[in-house]
């Protein structure tokens, strides 16, 4: 797909509004006038918007976020589809619900800053006739946007599924997740001009624990040797796509930011100065400074 040049690679975390990032990712006492996106955009070229999973975005918020990342012209957003289309499948959403969601992402799309719409289904979404029909309807409904599909159950691991995505020019989302029976293992699959990778962490103990909260599930810091196979996958995928998104979702206490910085360094991306307060929390980031060499 990208025979003449390598892909545009964008690396960044999933989300930015986490209370536990205060004093770790964001500087202690960060003034309210400094928006978290304005702080992050010099370090990353993408942030995945996850709040859209819980409710449609307010179009005014999208317009504001665009202004906060103007300092980085390369910056793009990806947006997670509202759970009404992926998790609440008792009945197909009403037209007004669809319009609410589309209105929310319109400012990003019109500005050319909507890199991908992430359609993420839970592990319990297995390949059944009913679910295949639901998925096809979702893909058709949002076909005007660059799509990436995250499915977690191994029943979908079939050649005809990947052919169908390729025919729709929808990207398969390659994931790193705790592996259990019938979980999809890491892959480097390409089915569209856009490539997508999501790293969730490997917290096996809490992933399916019923009383685990979001922080429990995503409390994981990848070791460099665990990231190394993904660096190899990134190098293979970037030769097959025009644009490649790598999103770290192991967000607890800023671990997603740490791993995103390490991934960027590993693929040869220059890094801006890493804040001292983040290095104090994660001293291993000093290795990135040594690899970069003297100023």
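Taken together, the values in this text are just the output of simple stated rules run on the coordinates, not laboratory data. Remember, predicted model here, so these are calculated numbers, not experimental data. Methodologically, a virtual Cβ is constructed for each residue, glycine included, from the backbone with ideal geometry; neighbour enumeration extends over all protein chains shown.
Summary table below
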quantity	calculated
Spin-label model distance (nm) - residue 185 vs residue 127, 7 Å beyond Cα toward Cβ	1.6
FRET efficiency, residue 95 to residue 54 (Cβ-Cβ, R0 30 Å, nearest 0.05)	0.90
Computed over the range 79-226, Kirkwood Rh from alpha-carbon pairs, angstrom	16.5
Convex hull per residue volume in Å³, alpha carbons only, for the range 40-150	100
Radius of gyration, Dmax [the range 28-103; alpha carbons; angstrom]	15.0, 46
Convex hull volume per residue for the range 99-172, taking Cα atoms only, in Å³	93
DSSP-defined beta bridges in the chain - what % are antiparallel, rounded to 5	5
CD proxy at 222 nm, helix term only [per DSSP H run n ≥ 4: -39500 (n - 2.57); per residue of the chain; nearest 500]	-9500 deg cm²/dmol
Helix 95-110 axis, angle to the chain major axis (alpha carbon atoms, nearest 10°)	40
For the range 131-186 versus the range 230-268, the gap between their alpha-carbon centres in whole angstrom	20
Likely footprinting exposure, 19, 83, fewest C-beta neighbours within 10 Å first	19, 83
Inter-site label distance for residue 74 and residue 280 at 7 Å from Cα along Cβ, in nm	2.9
Residue order, fewest to most beta carbons within 10 Å, for 70, 262	70, 262
Whole-Å semi-axes of the chain's equivalent ellipsoid (Cα gyration tensor)	29, 22, 20
Burial ordering of 34, 289, 57, fewest other beta-carbon atoms within 10 Å first	34, 289, 57
Mean separation of Cα contacts under 8 Å (6+ apart) over length of the chain, as relative contact order %	23
Highest-MSF residue in the chain out of 248, 86, 141 [GNM, Cα springs under 10 Å]	141
